[in-house]
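Everything below concerns the one structure shown next.
We did not get these values from a lab; they are worked out from the coordinates using the rules stated. Nothing here was measured: the structure is a model prediction, and the numbers come from that model. Note that we place each Cβ from the backbone using ideal geometry, even for glycine, and neighbour counts take in every protein chain shown.
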Amino acid sequence: MNNIIESDFRRLDLNLLLVFHALLQERNVTRAAARLFIGQPALSGALKRLRVAFADELFVRTSHGMAPTARALELARTIDPLLLALQQVLQEQPSFDPATAERVFRIGVSDALEVALMPELMNRLAATAPGVRLISHQTDGRSAPGMLDAGEIELAVGVFAESPAWQRRRALFEWTFVCVFNPELVPVRGKTISMKQYVRYPHLLTSFSGGLHGFIDEQLEKLGKQRRVVFSSRNFATSPLLVRQMPALITVPTFIAGAWRDALGLSVCQLPFEVPKDQVSLMWTATNDSDAGLSWLASLFSAAFGGKAFV
């Protein structure tokens, strides 16, 4: 890989290359100045700086105008293609064709959201973008912003607090907590479990802190109630298998509850007390705003899950 030494450019304002090109085309200071929409004194000053930078007169006044020197003609063979290539880059609109793209995206997502979202998303990718692949990294609302800034992931999906101005966010859907159980082992009538049943049965808990006490316990304490947590895990993998085999309850977000219900034949009901709603969002850094591929992937998430009600 070629190394570019930035200090070598300090003596040359790259805008001077436009002055060089205009003089080469017009062979006249007045016309070159008009072409660049600058005054003649400004162009004359720029020519002086060009002469110093390249240690050559570059353009010599003759009866036929400003004639380029041999050095100027030699430079033109390099500078003209350089300016043309730069112009093409500036005018080029970023594009992404999902049908033909071969690209790997790195996304940050929790295990619960991975279970809830990835089957539908991967089906859509298989149908519309067979060359696109995903690498999933386990994240949460605290770790995702730092991983985005470090370039470890390109897109995060989760529940995020306030984020800095250089990180973009797009809301996907709202969620709240619901109760999941095996209807053959826990008889619940109606769409809402009673408080009596809720505190009578043992509970399974997903706790990122690894304890037996969580947000739901805090809400119950405000009501003067208490539940009995018999199993706690930092992830969502084991609990649905346990609750399928034992008369117990687990309180989880609606998105993972819907996935468990559909896959394992479990039942979902509302809690016997109020719990707030929260929001799952996409997040990326402003440095990727012009990434057409990432914009397409974010739009795919929005098309699949924007405003979705999981239960």
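Values for this structure:
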{"item": "Simple spin-label estimate for T78 and D13 in nanometres, 7 Å along Cα-Cβ", "result": "2.2"}
{"item": "Derived scalar couplings ³J(HN,Hα) [the stretch 253-259; Karplus, 6.51 cos²θ - 1.76 cosθ + 1.60; whole Hz; x for Gly, Pro]", "result": "x, 4, 5, 7, 4, x, 5"}
{"item": "Rounded to 10°, Cα long-axis angle of helix 40-54 versus longest principal axis of the chain", "result": "90"}
{"item": "Straight-distance crosslink candidates among aspartates and glutamates, where the alpha carbon sits under 13 Å from K48 and sequence neighbours closer than 8 are dropped", "result": "D13, D56, E57"}
{"item": "Value at 222 nm in deg cm²/dmol, rounded to 500, when DSSP H runs of n ≥ 4 in the chain each add -39,500 (n - 2.57)", "result": "-12500 deg cm²/dmol"}
{"item": "Per-pair calculated FRET efficiency, R0 = 51 Å: T176 and R27 via Cβ, rounded to 0.05", "result": "0.10"}
{"item": "For the stretch 8-63: span of alpha carbons on each principal axis (Å, largest first)", "result": "33, 24, 18"}
{"item": "Gaussian network model of the chain, springs between alpha carbon atoms under 10 Å - residue of Q138, Q40, Q88 with greatest fluctuation", "result": "Q40"}
{"item": "Highest-fluctuation residue, M283, M66, M118 considered, GNM on the chain with Cα pairs under 10 Å", "result": "M66"}
{"item": "Cross-link partners of K222 among lysines (Cα-Cα below 17 Å; sequence separation of 8 or more within a chain)", "result": "K196"}
{"item": "Two-site label geometry, K222 and E120: point separation in nm, points 7 Å out along Cα→Cβ", "result": "2.9"}
{"item": "Most mobile of F301, F215, F96 in a GNM of the chain (Cα contacts under 10 Å)", "result": "F215"}
{"item": "Using alpha-carbon coordinates, inclination of helix 16-26 to the longest axis of the chain, degrees", "result": "50"}
{"item": "Tilt relative to the chain, helix 292-305 - C-alpha long axis, 0 to 90 degrees, to 10", "result": "20"}
{"item": "Top positive-direction residue, dipole computed over the chain with Cβ charges, set T238, L249, V275", "result": "V275"}
{"item": "Neighbour-count order for F208, F273, F105, F181, fewest beta carbons within 10 angstrom listed first", "result": "F208, F273, F105, F181"}
{"item": "Span from the the stretch 253-297 Cα centroid across to the the stretch 39-91 one, whole angstrom", "result": "58"}
{"item": "Neighbour-count order for V60, V159, fewest beta carbons within 10 angstrom listed first", "result": "V60, V159"}
{"item": "Whichever lysines have a C-alpha closer than 30 Å to that of K308, once near sequence neighbours (fewer than 8 apart) are set aside", "result": "K191, K277"}
{"item": "Residue order, fewest to most beta carbons within 10 Å, for T176, T100, T251", "result": "T100, T176, T251"}
{"item": "Pairwise FRET efficiency - V275 versus R106, Cβ, R0 = 30 Å, nearest 0.05", "result": "0.35"}
{"item": "√(5λ) per eigenvalue of the Cα gyration tensor, the chain, largest first, Å", "result": "66, 19, 15"}
{"item": "Contact order normalised by residue count of the chain, Cα under 8 Å, 6+ apart, percent", "result": "20"}
